[in-house]
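First the structure, in the form of C-alpha cells, and then the observations on it.
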Ligand code: FEO
C-alpha cells in the first residue's frame, strides 16, 4: 500500500511526464513550422516516450493500490528562437526532471518504501540517457552554427529515429 505523501508525489510526476510529452510535441510543431521534419520526427518520438513514462507511473500507482488523480497540464511555449534554443530547452527540462526523480527517490528512502525505490531506479538510469541525448544534439548544433548544410545533415540524422516502447518491468 502506498503512503499518501508518496502517492501524491507519484501523481505529480504523472503530470510532469505528461507536460514533458506536451513540451516535446510543441517542439515538434515548431520544427515542422520551419521545415525541419527530421527534428520534428525526433521530437514526436520523444513525446511518445514521455507518454510511456507517464503510463509507467500510472500503472505503478494503480498496482500498489493507490489512486491515480490527473491534474491540469500546463501549456508549453509556442515557439523558440532557433533549433538550438529548442534543444537547449529540452536539455534544461531533462535536468529538471532528473531533479524531480531524485526527490522522489529521497522521499521513498524517507518513507522506507523499498518497492517504490526499486521502481524509481529505472527512471534514474533513464534520466542519464535523457540528459545525454538532448545534450548531444545541443553540442552538434553549436558546432554547426548557422551552416545550412550541417543543419540539413543533422535533420536527416534526426529523421531516422524510431520509437521503441520501453521494456516492461522484469523483461
Ligand atoms: Fe520522462 Fe524525458 O523524461
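If packing is taken as the average count of other Cβ atoms within 10 Å, what order do 128-135, 90-97 fall into, highest mean first?
Working: 128-135: 15.9, 90-97: 18.4.
Highest-to-lowest ranking by the protection proxy: 90-97, 128-135.
How large is the convex hull of the Cα atoms of the chain per residue, expressed in Å³ as a whole number?
Working: hull volume 17.4 nm³, N = 171.
So the per-residue hull volume is 102 Å³.
Using r as the Cβ-Cβ distance of residue 51 and residue 114, and R0 as 22 Å, what FRET efficiency do you calculate, to the nearest 0.05? Intermediate results must be reported in sequence, preceding the final value.
Working: r = 27 Å, r/R0 = 1.25.
Efficiency, rounded to the nearest 0.05: 0.20.
Once both axes come from the Cα atoms, what is the angle between helix 148-158 and the longest principal axis of the chain, in degrees from 0 to 90, rounded to 10?
The helix 148-158 is inclined about 30 degrees to the chain.
If I model a spin label as a point 7 Å beyond the Cα along the Cα-Cβ vector, how far apart are those points for residue 78 and residue 129 in nm?
Taking the simple label geometry, residue 78 and residue 129 are separated by 3.5 nm.
Can you tell me how much longer the chain between residue 5 and residue 163 gets when fully stretched, taken as 0.36 nm per residue apart minus their C-alpha distance, in nm with one decimal? Don't jump to the answer; show the numbers that get you there.
Working: separation 158, 0.36 × 158 = 56.88 nm, distance 3.36 nm.
Length difference between fully extended and current span is 53.5 nm.
What is the helix-to-structure angle for 114-144, meaning the angle in degrees between its Cα long axis and the longest Cα principal axis of the chain, kept from 0 to 90 and rounded to the nearest 10?
Taking the Cα atoms of the chain, the angle to 114-144 is about 10 degrees.
Quick one: angle between helix 4-33 and the longest Cα principal axis of the chain, in degrees between 0 and 90, rounded to 10, please.
Relative to the chain, helix 4-33 is tipped by roughly 10 degrees.
Can you check how the C-alpha radius of gyration of the range 32-109 compares to 2.2 N^0.38 Å, as a plain ratio?
Working: Rg = 15.7 Å, N = 78, 2.2 N^0.38 = 11.5 Å.
Against the empirical 2.2 N^0.38 Å value, I get 1.36 for the range 32-109.
Please give the peptides 59-71, 1-13 ranked by average Cβ packing (other Cβ atoms within 10 Å per residue), highest first, as a rough proxy for protection. Before the final figure, lay out each step's value.
Details: 59-71: 14.0, 1-13: 17.2.
Averaged packing, sorted descending, gives the order 1-13, 59-71.
Over the range 115-166, what portion of Cα pair distances is larger than 18 Å, expressed as a whole percent?
On the way: 653 of 1326 pairs.
It works out to 49 percent of all Cα pairs.
Values quoted throughout were computed directly from the atomic coordinates according to the rules given, and no laboratory measurement underlies them. Note that this is a predicted model, so its numbers are computed, not measured. As a convention, Cβ positions derive from the backbone with ideal geometry for all residues, glycine included, and neighbour counts pool all protein chains shown.
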